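S.K.: Sharing a structure with you now.
The values are calculated or read from the model by the stated rules, or taken from the named source; none is laboratory data. Predicted model only: the values in this text are computed from it and were never measured. Glycine gets a Cβ as well: all are built from the backbone with ideal geometry, and neighbour counts include every protein chain shown. Note: accessible area is taken over every heavy atom of the protein model, side chains too, but ligands, DNA and RNA are not part of it. Shrake-Rupley method; radii C 1.70, N 1.55, O 1.52, S 1.80 Å.
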Amino acid sequence: MTPLNLNGLTSQEAALRLKTYGANSLPQQPALSVFDIIQRTLREPMFVLLLVAAGLYLFVGDLGEGLFMVFGAFATISLVVFQEFRTECALQALHKMAEPVANCLRDGLQQRVPTKDLVPSDMIVVSEGDRIPADAILLTGDALLVDESLLTGESAPVTKMSTKFFNEVEFPEPGGEDTPYLYSGTLVTQGSGLAQVIRTGEISAIGRIGHALSLIDPELSPLQKTTKIMIGKIGLFAFFFLLLVVVAYGIFHQDWFEGAISGITLAISLMPEEFPMVLAIFLALGAWRLAQHNVLVRRAAATETFGSISMLCVDKTGTLTQNLMTLTEFSHGQGFIKLSEQQGTDFDQLQLLILTALRASALKAVDPMDRAIHLQAQTLDLVLSSAPEKTYPLRPDRLAYIQQWKSSSGVVFAAKGAPEAIFTLCALSLEQRKTLKLQIDHAAKRGLRILAVAHTTCFEERGETVDNLTFEFLGLLAFEDPIRAEAAESVAIAHRAGIAVAMITGDYPATALEIARQAGIDTQAGVFTGDMIKLIDKEALPGRIRDIRVFARITPEMKLSIVEAFKANDHIVAMTGDGVNDGPALAAAHIGIAMGERGTDVARESAAIILLDDRFVSIISGVSLGRRIFNNLRKALTYVMAIHVPIAGLVLLPILMGLPPLLFPAHVIVMELVIDPTCALVFEGEPGERDAMLKPPRQKDETLFGGREILLGVVQGCVLLLAILSVYVIEYQTGASEDQARGLAFATMILGNLVLAISTALPKGISIFSRENSIFWLIACLATAVVMMSLYLPEFAQLLKFERPPMYADLFFGCVMALIAGSWLAVWRRLLSSAA
């Protein structure tokens, strides 16, 4: 038998045990290695086509061109692998940030320790809403209700009772009532207590079941799934054209090799393989950027939709306020007195009031109000010499926390909670309630939170139950929770961005209105209480709360009704939550935001986003960044669509017009070496529009990349195609050689691509020469150097079939055409913006 020990391990003991027993985690999917990424990249259709083209050149065509193709294919693949590896590193960093933590006693202090670092004999604090982090024995605390359905399949929670002695060897299988055994992965649905870890990792109950839960593949976002289907369809379309061009060349020109090369070139040009790469990079790096603003994304789809929030439902405590409760005033029923001004005649009454409140608080204070009461008790030298015999947690029908204590005169019941609940326990008259309510209203209007305190004593042999007792009212306690300094400014930013902010709290209505007023939340429509919600039909609720922005005396179950009502009013709803009962509301909201510091495991599991610092300003920063990610991703996808139009057209149209081929696979490779880093680096790194948070959220049905963006990309691409083809035809028809015309058209295409990229990516109000565009200029300089070498370096020019460079006047003409074709839309938009 092992005796009760509440001190916990020292850090040194824990470190030694971690080496002995290993990490408290199930086997995880290994991170993608560079070799894995290379294998996946080589299976992409475009790279298969590149390698086929390289093989044709090596074994049928020119050896030099073949080697160049191999080098080009290797460079293209290397660039893609680099981007994929960068994305994988960002995802691994996010996974590390999302690791669960447990409340653990180490070195005699309560600390938040990563769950994977727990070891046998660690002391852990388990509370309502927590996932049990390891197999453990409940030693002290309430009778817990634990949902073990994950292990047993039984939906009904089972009761867990504490024990002072246990045998570590005898750890039974999950199931059974009134046992002290807690199992890893199960959920505490009621109560709290202190437990000692017995088994961790693969030897725990969940570890022995298997690895299936930890090896689930991450799900693609809806947009990624749609894009994957679209790429597959385009691939079939490109393969059909490949066969068509090969057969046409073979039958009409008797040149199967040239037909194969032209067909492969056309197929490569039609494959927008950048789409999935751009999506993966933007979603992963976007989530990483959000994490730098203390917004941790658990589901990729949230990155796409975070910037579209139109209704933000937030909790008061800890989000708008500092969650640093200070006990400032008290009342015995004749009016509130500041603690700093209390007189000697009030001291005995104050001691009894604080002692009773202390007896009605958790021994290991976690709740901010409990901590404030413990601190005031220390100031008055009040110490509890024992633990409570029994605890009666909060219930929806009794919002009071009651604990039973052994005393010399019998059994003492200490209660604290919502004033209305304590008034009922004390059976106060209507007149008494009115008098106290006036005091409470006055304090609440100053933003103070109020708790009422009561006690009663009875003899054990009478067998009284708490529901049959009549308590004696002792007084009221007033707590101050200052509003965060940045809250009002953040709410104002949200309003300017067209985002309505609603505050939902369980606090007193007058307190809620005062805090809302201080935070700048609209209070003109008044406050809507939980009692009002109970009286309204579900169908009528959306109309009743359309203009309401302050909700008070709201239970967690009512939050779901509020979320559904705002959704019915066509809002994109984001909902914050931290409790076990907030799970349904978080899951129902378009974006559920769980509190990272004080939130329960259930809330975090239900939410799409975890707020790491619980601050309202972080949500607003996340919305701003979400809008930037969305806009830049849309621009990048439009650019990819636009740039593939001239590439495909310049392969196909010269064939149809009876002109010499303009593009070969080598040219497409060089283009890809420009396009890929432009998509992944230039667009992803661009700052957001300066007026992004002065615009209303996008419409609910507005897609990231729909018909409008496709049409815009095609139009931009067709203009660029027309310009490049005009340069090629004019140059060829005015006496230039095929090589000169091809070289000039290629230079025009590269420059037009760069101009199109920067004109599409550049936000309004940002200079093209700003520091944010340094990556673009680096890519532009490298691309320009490649063009100059391809035109004026004979060996390189021969590989690209240029050979003779164009005249300088012709090169100037090509540059002007590229500049006009790539920037016309951006210039037109800026002229319209200036005129407005």
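S.K.: Taking a virtual spin label 7 Å from the Cα of residue 397 along the C-beta vector, which residues in region 544-569 bring their backbone nitrogen under 18 Å of it?
M.R.: 555-558, by backbone N distance to the label point.
S.K.: Once you put a point 7 Å from the Cα of residue 694 and another 7 Å from the Cα of residue 518, both along the Cβ direction, what distance in nm separates them?
M.R.: 3.1 nm
S.K.: Could you give the size of the charge dipole of the chain about its Cα centre, using +1 on the Cβ of each K and R and -1 on the Cβ of each D and E, expressed in debye and rounded to the nearest 20? Let's see the in-between values first.
M.R.: On the way: 67 positive and 86 negative charges, 319 e Å.
Once rounded to the nearest 20, the dipole reads 1540 debye.
S.K.: Using only alpha carbon pairs under 8 Å that are at least six residues apart, calculate the relative contact order of the chain and give it in whole percent. Intermediate values should be presented prior to the final figure.
M.R.: Numbers: 1520 pairs, mean separation 96.6, N = 836.
Dividing the mean separation by the residue count of the chain yields 12 percent.
S.K.: May I pose another question? Translational diffusion coefficient, Stokes-Einstein: compute it for region 499-602 using the Kirkwood radius over C-alpha pairs as Rh, at 20 °C and 1.002 mPa s, and state it as an integer in µm² s⁻¹.
M.R.: Working: Rh = 13.8 Å.
This corresponds to a translational diffusion coefficient of 155 µm²/s.
S.K.: Something else now. Want the number for residue 389 to residue 11: 0.36 nm per residue separation, take away the alpha-carbon distance, what's left?
M.R.: Values: separation 378, 0.36 × 378 = 136.08 nm, distance 3.19 nm.
Going from the current span to full extension adds 132.9 nm.
S.K.: May I pose another question? Given a 1.4 angstrom probe, what's the average accessible area per residue across region 642-801, in square angstrom?
M.R.: Accessible area per residue, region 642-801: 39 Å².
S.K.: Taking the C-alpha atoms of region 622-733, how large are the radius of gyration and the largest Cα-Cα span, Dmax, in Å?
M.R.: Here Rg and the maximum Cα pair distance are 17.5, 56 Å.
S.K.: Suppose we keep just the alpha-carbon trace of region 741-780; what are its Rg and Dmax in angstrom?
M.R.: Cα radius of gyration and Dmax of region 741-780 are 12.1, 38 Å respectively.
S.K.: Considering only protein heavy atoms, what per residue accessible area in square angstrom results for region 346-407 with a 1.4 angstrom probe?
M.R.: Working: 3220 Å² over 62 residues.
In whole numbers, region 346-407 has 52 Å² accessible per residue.
S.K.: Still on this model: Please report the carbon-and-sulfur percent of the accessible area for region 265-324; probe 1.4 Å, protein heavy atoms only, DNA, RNA and ligands left out.
M.R.: Details: 730 of 1330 Å².
On region 265-324, the fraction of accessible area on carbon and sulfur atoms equals 55 percent.
S.K.: Sticking with this structure for a sec: What is the sum of charges, Lys and Arg at +1 and Asp and Glu at -1, for the other residues whose Cβ falls under 14 Å from the Cβ of residue 645? Intermediate results must be reported in sequence, preceding the final value.
M.R.: On the way: positive: none; negative: 274, 709.
Here the count lands on -2.
S.K.: Ordered by packing density, taken as the mean number of other Cβ atoms within 10 Å over each peptide's residues, highest first, how do 373-379, 496-502 rank? Don't jump to the answer; show the numbers that get you there.
M.R.: Values: 373-379: 18.0, 496-502: 19.7.
Top of the packing list down: 496-502, 373-379.
S.K.: What is the helix-to-structure angle for 368-379, meaning the angle in degrees between its Cα long axis and the longest Cα principal axis of the chain, kept from 0 to 90 and rounded to the nearest 10?
M.R.: Taking Cα atoms only, the helix is inclined about 50 degrees.
S.K.: Right, something else. Rounded, prolate or oblate: pick one for the chain, where a ≥ b ≥ c are the square roots of the eigenvalues of its C-alpha gyration tensor, a/c under 1.5 means rounded, and failing that, prolate if a/b is larger than b/c, else oblate. Display every interim value, and only then the final one.
M.R.: Values: a/c = 3.31, a/b = 2.13, b/c = 1.55.
Prolate.
S.K.: Can I ask one more? Taking the radius of gyration and the Kirkwood hydrodynamic radius from Cα positions alone, what is the Rg/Rh ratio for region 273-408, to two decimal places? Write out the running numbers ahead of the final one.
M.R.: On the way: Rg = 23.9 Å, Rh = 19.6 Å.
A ratio of 1.22.
S.K.: Share of region 629-708's accessible area from carbon and sulfur, percent, 1.4 Å?
M.R.: Percent of accessible area from carbon and sulfur atoms in region 629-708: 60.
S.K.: Please compute the alpha carbon radius of gyration of region 388-484, then divide it by the globular-protein estimate 2.2 N^0.38 Å. Two decimals is fine.
M.R.: Numbers: Rg = 14.7 Å, N = 97, 2.2 N^0.38 = 12.5 Å.
This ratio for region 388-484 stands at 1.18.
S.K.: Counting Lys and Arg as +1 and Asp and Glu as -1, each charge on the Cβ, what is the dipole of region 651-736 about the Cα centre in debye, to the nearest 20?
M.R.: 220 debye
S.K.: I've got another one for you. Kindly identify region 481-547 as rounded, prolate or oblate by the Cα gyration tensor criterion: order the square roots of the eigenvalues as a ≥ b ≥ c, call it rounded if a/c is under 1.5, otherwise compare a/b with b/c, prolate if a/b is larger, else oblate. Don't skip to the end; give the middle numbers.
M.R.: Numbers: a/c = 2.97, a/b = 1.51, b/c = 1.97.
It is oblate, given that a/c is not under 1.5 and a/b is not larger than b/c.
S.K.: Enter the Cα centre distance for the pair region 618-649 and region 318-372, rounded to the nearest angstrom.
M.R.: Cα centroid to Cα centroid, the span is 54 Å.
S.K.: Taking the Cα centre as origin and putting +1 on Lys and Arg beta-carbons and -1 on Asp and Glu beta-carbons, what dipole magnitude results for region 244-369, to the nearest 20 debye? Walk me through the numbers before you get to the answer.
M.R.: Details: 7 positive and 11 negative charges, 81 e Å.
Result for region 244-369 is approximately 380 debye, rounded to the nearest 20.
S.K.: Next question. Could you let me know the centre-to-centre spacing of region 373-398 and region 269-299, using Cα atoms, in angstrom?
M.R.: If you average the Cα positions of each part, the centres end up 49 Å apart.
S.K.: With the contact rule set at Cα under 8 Å and sequence spacing of 6 or more, what percent relative contact order holds for region 538-679? Don't skip to the answer; put the middle values down first.
M.R.: On the way: 150 pairs, mean separation 17.9, N = 142.
Dividing the mean separation by the residue count of region 538-679 yields 13 percent.
S.K.: OK, next. Using heavy-atom solvent-accessible surface (probe 1.4 Å) with all chains present, what is the largest-first order of 455, 667?
M.R.: Details: 455 35, 667 0 Å².
So, going from the largest accessible area down, we get 455, 667.
S.K.: May I ask which of 364/406; 538/567; 316/445; 567/700; 160/316; 164/364 have a Cα-Cα span longer than 22 Å here? Walk me through the numbers on the way to the answer.
M.R.: Details: 364/406 19 Å; 538/567 13 Å; 316/445 15 Å; 567/700 11 Å; 160/316 33 Å; 164/364 18 Å.
Long pairs (Cα-Cα over 22 Å): 160/316.
S.K.: Something else now. With all protein chains present, calculate the accessible area of residue 256 using a 1.4 Å probe and round the result to the nearest 10 Å².
M.R.: 140 Å²
S.K.: Run the numbers for residue 338 and residue 74: contour at 0.36 nm per residue of separation, minus the present Cα-Cα distance, in nm. Before the final figure, lay out each step's value.
M.R.: Details: separation 264, 0.36 × 264 = 95.04 nm, distance 7.57 nm.
Length difference between fully extended and current span is 87.5 nm.
S.K.: Report P(r) for region 562-641: all Cα-Cα distances, bin width 10 Å, range 0 to the bin holding the largest distance, values in whole percent.
M.R.: Calculated over all Cα pairs of region 562-641, the distribution is 20, 39, 29, 11, 2 percent.
S.K.: Between residue 89 and residue 710, what is 0.36 nm times their sequence separation minus the Cα-Cα distance? Round to one decimal in nm.
M.R.: Working: separation 621, 0.36 × 621 = 223.56 nm, distance 3.12 nm.
Extending this stretch completely gives an extra 220.4 nm.
S.K.: Could you report region 232-337's accessible area per residue, 1.4 Å probe, as an integer in Å²? All intermediate terms of the calculation are to be shown ahead of the outcome.
M.R.: Numbers: 3820 Å² over 106 residues.
Dividing the accessible area of region 232-337 by its residue count gives 36 Å².
S.K.: Still on this structure, please answer the following. Under the definition of Cα pairs under 8 Å and six or more residues apart, what whole-number percent is the relative contact order of region 336-395?
M.R.: Numbers: 21 pairs, mean separation 18.0, N = 60.
Reported relative contact order: 30 percent.
S.K.: Using all C-alpha to C-alpha distances in region 729-836, build P(r) with 10 Å bins and read off the rounded percent in each one.
M.R.: Reading the bins upward from 0: 14, 38, 28, 15, 4, 0.
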